[in-house]
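**Student:** Take this structure first; my questions come after.
The values are calculated or read from the model by the stated rules, or taken from the named source; none is laboratory data. A quick note: this is a predicted structure, and the numbers were derived from the prediction, not measured. Here the Cβ is made from the backbone with ideal geometry for all residues, glycine too, and neighbour counts use every protein chain on show. To get the accessible areas, we keep the full protein, side chains included, count just its heavy atoms, and leave off ligands, DNA and RNA. Shrake-Rupley method; radii C 1.70, N 1.55, O 1.52, S 1.80 Å.
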Amino acid sequence: MGATELAQATNVAALLRRSRFEILPLDGIEEQVLATVPHDVTLTVTASPTKGLGPTVDLTRRLVGHGYTVVPHLSARLVADTADLEELVAQLQEAPVREVFVVAGDAEEPRGRFHGAIDLLEALDALGRPFPEIGITGYPESHPFIDDDTTIAAMFEKARHATYIVSQVCFDPAITAQWIEDVWARGTRLPIYVGVPGVVSRAKLLRVSARIGIGDSLRFLRKNGSFAGRFLRGGFSPDPLVDGLGPVLGSGKVGGFHLFTFNDVADTEAWRQARLARS
């Protein structure tokens, strides 16, 4: 292994030790986590637009009770009003939770007065910023429903209230690396957790990707057959996306990896351990 490859492996390993596993609050996931995920992995728990924030809070509290560091997603469109937010904050602080990930959420209609992430971030500020760490979302490529200028402006507005950014999945690592450089060049000096799918089946990745809004990347893969084959032959491996980020991984701008497990936590953790063993 040459000096460049060794440096890259060292950078990847350091960031994998600060990885987060995103999980869905569905039946059986608690047992899977307890059986396969070590306590040094931070867990983030998504929110369902149909079931509300109740399952997110319940699973978060149980996993904290098992000794994990857990970051619940707070979907603005699922919070009714300030009183509802205050109750959520109280429940999470009791857990205790010190960090939240604030998103607009996928609900078509907001439950109350919070229409987007910035609304909820400002409301949390008004409550005295009860969580020391707050994450927000960034989009290395076009958002499926929002034009680029609006997306960029919204991210920089949200950044004033946040301590880190999580990137949406992009299947072209060169685009992600350049986006990270651009975010910092524009003056937002927050660490970025790079969103990468975990080890999942090809069918699940294609199905879920379309739903969570990474269609541009999927089109890129379909138009570049040989490139796509590296990602999807038999199933998805995060290796090409991680390795393709190159020198930006050692720049101090990347805080870690945010692994979208789609609840395949055992396979994703096995991959992480294998990569750590190679460093």
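**Student:** Going residue by residue through the stretch 49-68, is there one that turns out to be open to solvent by 10 Å² or more (accessible area, probe 1.4 Å), within 17 Å of PHE262 (Cα to Cα), among the hydroxyl-bearing types (Ser, Thr, Tyr) and assigned to a loop (DSSP other than H, G, I, E, B)?
**Tutor:** No, the stretch 49-68 has no match at all.
**Student:** Got at least one residue in the stretch 125-144 being under 20 Å from HIS258 (Cα atoms), modelled with pLDDT of 90 or more and open to solvent by 50 Å² or more (accessible area, probe 1.4 Å)?
**Tutor:** Scanning the stretch 125-144, I find at least one residue that is under 20 Å from HIS258 (Cα atoms), modelled with pLDDT of 90 or more and open to solvent by 50 Å² or more (accessible area, probe 1.4 Å), so the answer is yes.
**Student:** Taking the stretch 90-134 as the search range and keeping residues that are not in a loop (DSSP other than H, G, I, E, B) and not hydrophobic (A, V, I, L, M, F, W, C), which one is nearest to TYR68 (Cα to Cα)?
**Tutor:** Here is the first cut: in the stretch 90-134, the ones not in a loop (DSSP other than H, G, I, E, B) are 90-94, 99-103, 117-126, 133-134.
From the residues that got through so far, the ones that are not hydrophobic (A, V, I, L, M, F, W, C) too are 91, 93-94, 99, 119, 122, 125, 133.
Values: GLN91: 17, GLN93: 15, GLU94: 15, GLU99: 13, ASP119: 29, GLU122: 28, ASP125: 26, GLU133: 16 Å.
Across the stretch 90-134, the extreme among qualifying residues is GLU99.
**Student:** Here's a follow-up. Is it fair to say ALA83 is open to solvent by less than 70 Å² (accessible area, probe 1.4 Å), assigned to a helix (DSSP H, G or I), out of contact with any helix residue (DSSP H, G or I) (no Cβ under 6 Å at 6 or more places or on another chain) and small (Gly, Ala, Ser)? Give the derivation first.
**Tutor:** Values: open to solvent by less than 70 Å² (accessible area, probe 1.4 Å): yes; assigned to a helix (DSSP H, G or I): yes; out of contact with any helix residue (DSSP H, G or I) (no Cβ under 6 Å at 6 or more places or on another chain): yes; small (Gly, Ala, Ser): yes.
So ALA83 fits the description; yes.
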